[in-house]
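Below you'll find the structure, written out as structure tokens, and then a few comments.
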Amino acid sequence: MSFLLIFLALMGGAALSVQSSVNGRLGGAVGLLTTAWLTFVLGALISVLLMLFAQPPQAMTLLDAPRWQLTGAFFGVFYIVAMVFSVPRIGIAAATVAVITGQLTMSLLIDNFGWLENARIPLDPHRWAAIALLFAAMALIYTGNRKREAAG
Amino acid sequence: MKQLLTLAVVLAAGMGLSVEAGLLGPLGEMVGHMSATFCIFLVGSLLLSLALIFAPRRSLPQLFSQPRWMLNGGVLGPVYVVVITTATPLLGVGTTMVAILFGQVATGLLLDHFGAFGAARQKVDGYRLGALALIAGALALIH
């Protein structure tokens, strides 16, 4: 079961990568804000269809949920705006590594403390070792990106 | 100093992505994963529509004169969000994020190698291949 879920998550990452490649081209032509707008509007159209026709009826609806649980999109939009502002200033290499570092740190903290009503998954020695490997991976990505930026 | 501040903003933005995933999982368990996904895209569309109205440069008219394939990237967005909301409650936020990172880096490597979607071709290099191997190791350990 969890093997299947990890495979699903890999596919989600692949979808993200293809999307950012296509969106990169569009962003070059019309700007990142307009590109992000189109992405979210398309996403809303598709997901309202999924919600209405591909989901069994639920005991609770979005309007019954505590409002703070509905604020996820604010973080997504803040990310987009932050990237539009930062990439020209610090370069894509540094920005990529900073995003991934922030993302991994926060995800491990949420797991460790069970924040936002998530299940607790404590930081054990295995996870610390994984963090070390991820740091090394970030260093490699940064160096590789810098080389490519320098090359042009 | 200014650079450091910008870096901190980007770091915070990355943390926000995990907070988003951390909010989505439990919400999806409560109201359904498709509804949680819809909530993200609805609120996001509204926020960005507001931003567009007040943006200094108007590029919305140019949008629809672009080649059709360029407009299709957005259909993949829901794939990513549905995956997050489904996987997070069962795998945890950390494992989900590392698996997504692996899929992202691996696909990015392939797309660049073959010059997909009109991007310049960049052969697979040792740096990113090494990074991919390390991320795979981390995924095995973290899970």
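Scanning segment A:98-115 for residues that are aliphatic (A, V, I, L, M) and surrounded by fewer than 19 Cβ atoms within 10 Å (Cβ to Cβ) yields a single hit, A:Leu109. Before we move on, is B:Gly44 in contact (Cβ under 8 Å) with a residue 40 or more places away in the chain and small (Gly, Ala, Ser)? It is false that B:Gly44 is in contact (Cβ under 8 Å) with a residue 40 or more places away in the chain and small (Gly, Ala, Ser). Within segment A:40-55, if we keep just the residues that are β-branched (Val, Ile, Thr) and more than 16 Å from B:Leu52 (Cβ to Cβ), the residue that is surrounded by the fewest Cβ atoms within 10 Å (Cβ to Cβ) turns out to be A:Val48.
Determine which member of the set B:Met1, B:Met70 is open to solvent by 10 Å² or more (accessible area, probe 1.4 Å), over 16 Å from A:Ser47 (Cα atoms), more than 7 Å from every other protein chain (Cβ to nearest Cβ) and free of Cβ contacts under 8 Å to residues at least 60 places away in the same chain. Selected residue: B:Met1, the only one of B:Met1, B:Met70 that is open to solvent by 10 Å² or more (accessible area, probe 1.4 Å), over 16 Å from A:Ser47 (Cα atoms), more than 7 Å from every other protein chain (Cβ to nearest Cβ) and free of Cβ contacts under 8 Å to residues at least 60 places away in the same chain. Being assigned by TED's automatic domain parsing to the domain that holds A:Arg146, open to solvent by 30 Å² or more (accessible area, probe 1.4 Å) and under 14 Å from the mean Cα position of the chain (by Cα) is a property that A:Phe85 lacks.
In segment A:38-61, which residues are assigned to a helix (DSSP H, G or I) and more than 7 Å from every other protein chain (Cβ to nearest Cβ)? Scanning segment A:38-61 gives A:Leu45, A:Leu49, A:Leu52, A:Phe53.
Taking the listed residues B:Leu109, B:Leu139, B:Leu52, B:Leu129, the one that is more than 7 Å from chain A (Cβ to nearest Cβ), more than 19 Å from the chain's Cα centre (by Cα) and in a helix (DSSP H, G or I) is B:Leu129, with no other qualifying.
To keep it simple, each residue is scored yes or no on (1) within 7 Å of chain B (Cβ to nearest Cβ); (2) outside any helix (DSSP H, G or I); (3) surrounded by 23 or more Cβ atoms within 10 Å (Cβ to Cβ).
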position: A:Leu10; (1), (2), (3): yes, no, no
position: A:Val18; (1), (2), (3): yes, no, no
position: A:Arg25; (1), (2), (3): yes, no, no
position: A:Thr35; (1), (2), (3): no, no, yes
position: A:Leu63; (1), (2), (3): no, no, no
position: A:Phe78; (1), (2), (3): yes, no, no
position: A:Thr96; (1), (2), (3): no, no, no
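Every test in (1) at pLDDT below 95; (2) under 22 Å from A:Gly31 (Cβ atoms); (3) in a helix (DSSP H, G or I); (4) in contact with a helix residue (DSSP H, G or I) (Cβ under 7 Å, 6 or more places away or on another chain) is passed by B:Gln66 save one, and that test is (3). Here B:Thr107 fulfils each of the conditions (1) open to solvent by 60 Å² or more (accessible area, probe 1.4 Å); (2) modelled with pLDDT of 90 or more apart from (1).
Taking segment B:21-41 as the search range and keeping residues that are open to solvent by 20 Å² or more (accessible area, probe 1.4 Å) and touching a residue at least 40 places away in the same chain (Cβ under 8 Å), which one is farthest from A:Ala119 (Cα to Cα)? Residue satisfying both the conditions and the ranking: B:Met34.
The values are calculated or read from the model by the stated rules, or taken from the named source; none is laboratory data. Nothing here was measured: the structure is a model prediction, and the numbers come from that model. Cβ coordinates were reconstructed from backbone atoms using ideal geometry, including for glycine residues, and neighbour counts include every protein chain displayed. Accessible surface areas use protein heavy atoms only, side chains included; no ligands, DNA or RNA. Shrake-Rupley method; radii C 1.70, N 1.55, O 1.52, S 1.80 Å.
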